[in-house]
1. List the residues whose amide H sits under 5 Å from the amide H of B:Phe42, counting only those 5 or more places along or on another chain, with H placed 1.01 Å from N in the peptide plane.
2. Can you give the FRET efficiency to the nearest 0.05 for B:Ser134 and B:Ile274, using r as the Cβ-Cβ distance and R₀ = 45 Å?
3. Could you give the size of the charge dipole of region B:69-286 about its Cα centre, using +1 on the Cβ of each K and R and -1 on the Cβ of each D and E, expressed in debye and rounded to the nearest 20?
4. Springs between alpha-carbon pairs under 10 angstrom, Gaussian network model over chain A: which of A:Asn237, A:Asn79, A:Asn229 fluctuates most?
5. Setting aside same-chain residues fewer than 8 positions from A:Lys104, which lysines have a Cα under 29 Å from its Cα?
6. When a/c is below 1.5 the answer is rounded, else prolate if a/b is larger than b/c, else oblate, so apply that to region B:69-286 with a ≥ b ≥ c taken from the square roots of the Cα gyration tensor eigenvalues.
7. Cut-off is 10 Å between beta-carbons; in what order do B:Val282, A:Val130 appear when sorted fewest neighbours first?
8. How big is the dipole moment of the protein assembly as shown about its Cα centre under a simple scheme where the beta carbon of each Lys and Arg is +1, that of each Asp and Glu is -1, and everything else is neutral? Debye, nearest 20, please.
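Every read-out reported here was derived from the displayed coordinates using simple, explicitly stated rules and does not represent laboratory data. Please read these numbers as outputs of a predicted model, since none were measured by experiment. Please note: Cβ atoms are built from the backbone with ideal geometry, for glycine as well, and neighbour counts cover all protein chains shown.
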Amino acid sequence: MAVTSKKNKLLKKTGFYIGLVLLLGVMLFPFFIMLMTSLKSSKEAISTSPTLLPKVWTFQHYIDIFNPTIFPYINYFKNSLIVALIAASISVAFGILGAYALSKLKFKGRVTINASFYTVYMFSGILLVVPLFKIISGLGLYDTRLALIITMIVQTLPTAIFMLKSYFDTIPEDLEEAAMIDGLSRLKIIFYIIIPLSISGIVSVFVYAFMIAWNDYLFASIFLSSSENFTLPIGLNTLFSTPDYVWGRMMAASLVTALPVVGMYALSERFIKGNLTEGGVKG
Amino acid sequence: MKTIAKKKSDIKLALVLLLPAILLVLLLVAYPMLSNIKISFFDQPINPRLPADFVGFKNYSDIIKDAAFYKSLGLTILYTVLTVIGSTAVGLAIALFFNRPFKFRKTARSLIILSYVTPSISLVFAWKYMFNNSYGIVNYLGTDVFHIFKNAPLWFDNPVSSFLVVVIFAIWKYFPYAFISFLAILQTIDKSLFEAADIDGATLWQKFKVVTLPAIMPVLLTVVTLRFIWMFYMFTDVYLLTNKVNILGIYLYQTAFAFNDLGKASSISVILFIILFIVIIVARKRVNLNGSN
């Protein structure tokens with residue numbers, strides 16, 4: 001009796017792990033294809049009887065994408081990095097200030113402001129494309145990285161405030177009162193108490209904003225027209241539309257493009273409790 | 001006395017702290033929203049320096065008479081419904097599967113979420129490659145190895161198969177959002193409820209219906225509503241994958257930037273906005289859209 005139930009349990013467990021491996025295999029299959037194609041020769045990549053693993057392993061595509069005479073990848077990467085870093089930093093900075101006001105200060109209109117930020121979190125994107133295009137070109141910002149930076153700040157700020165507010169809400173008020181009695185001003189309280197206590201939340205919000213800016217294709221495609229200003233999504237897509245794309249190179253570029261955001265996500269997942277994937281973030 | 005003084009200083013400080021956020025949102029969200037309505041009544045040239053002509057409701061009547069609009073609207077609804085149901089169902093199923101202690105649980109969870117955090121642009125190339133007509137692995141497996149298709153489908157050359165690929169892509173990319181949300185709420189369900197149901201001899205389905213479903217209901221409604229809104233105005237994923245599936249986001253984008261008809265594009269935005277607004281008003285009564293449970 002005891003033996004069969006033990007056997008049953010083992011069987012169930014084995015079944016579970018087989019299921020898990022199959023599940024991960026299916027869900028991660030496109031990533032596997034990406035990686036393997038990036039390591040195949042160009043000829044092998046377009047073979048009509050494809051093999052899972054490369055017959056001949058090559059790192060040439062990775063070397064090529066970092067060679068500016070072959071592929072403008074470094075330039076695109078640099079543009080993306082500038083846009084995402086600046087947009088995410090400003091979004092976090094403004095977000096901290098706004099979230100602090102909404103979380104800790106009592107004033108009329110707090111609920112309304114909070115609700116309107118939340119509405120913005122659900123909208124935007126394609127709905128605002130036409131007027132934003134008009135505004136940006138009216139300001140003379142067409143084909144500048146600044147246009148993209150400003151748009152990305154606005155796209156991420158409401159969510160940043162929303163997420164940070166929920167972190168700040170968990171900080172007990174006694175702490176602040178004690179600091180006030182010690183004579184700390186509100187601004188000092190933000191710097192010395194609020195920020196250090198919610199650093200993990202701040203990092204998560206930064207990662208979120210960075211991701212949105214890094215991944216954006218829509219606004220880059222309407223605001224940028226010259227190739228030297230292109231960010232990665234629009235740059236890679238433009239290269240793909242030319243007849244001389246090389247699959248292995250595109251795959252290598254895709255993987256390296258994913259690396260910063262996936263890396264940030266993995267680090268925040270590992271070191272931060274209650275990170276962005278737990279709050280249910282827009283995407 | 002003291003509390004009054006404190007209140008006064010609070011609103012001033014609050015306004016100062018909120019100023020950058022409010023200004024930016026007013027300038028680049030609220031004003032554009034209103035501006036959309038205004039542009040929708042004009043024949044707006046793409047060059048902002050050229051004057052726009054007032055045309056009344058012409059843009060709207062053009063859209064209402066445009067067969068392509070109804071086709072696009074129908075396609076968008078189908079796309080949204082299929083991807084919302086698909087991604088929610090897959091996310092829930094995998095969350096139920098994960099809702100037990102096992103080795104490498106954290107690693108497996110991180111790996112499952114990978115499609116959600118990777119930029120669309122990276123994923124799109126892999127999918128285009130996999131579904132390539134002549135050397136893609138899908139046609140190789142489907143035709144040469146497993147003989148599922150008689151003739152290799154030309155995936156991206158045909159509207160129906162393109163639509164299929166776009167839907168599967170969206171389910172694959174977005175199920176982790178539902179998965180994370182469900183896994184979090186599943187872990188809060190009291191295990192003794194299941195034990196009690198076991199004693200009563202409940203089947204797996206009965207346990208799901210009586211214990212699990214009511215517990216996850218608020219999260220389910222939130223996930224479905226938000227995903228519905230986001231999928232309804234989807235642009236990037238579909239645009240990057242194929243030019244054969246003209247959902248509303250793409251119809252709008254092309255009207256604006258391929259046909260340079262900004263006025264008509266604005267009226268499409270207004271119509272989209274009205275539809276979404278109705279969805280939100282209806283959902284608001286039943287759904288806690290603040291995401292906090």
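1. B:Val55
2. Numbers: r = 45 Å, r/R0 = 0.99.
Efficiency at R0 = 45 Å is approximately 0.50.
3. Details: 18 positive and 8 negative charges, 62 e Å.
It works out to roughly 300 debye.
4. A:Asn237
5. In chain and number order, the partners are A:Lys165, A:Lys188, A:Lys273, A:Lys282, B:Lys2, B:Lys6, B:Lys7, B:Lys8, B:Lys12, B:Lys285.
6. Values: a/c = 2.41, a/b = 1.38, b/c = 1.75.
Cα axes put region B:69-286 in the oblate bin.
7. Working: B:Val282 11, A:Val130 30.
Exposure proxy ranking, most exposed first: B:Val282, A:Val130.
8. Details: 49 positive and 27 negative charges, 262 e Å.
Rounded to the nearest 20 debye, it is 1260 debye.
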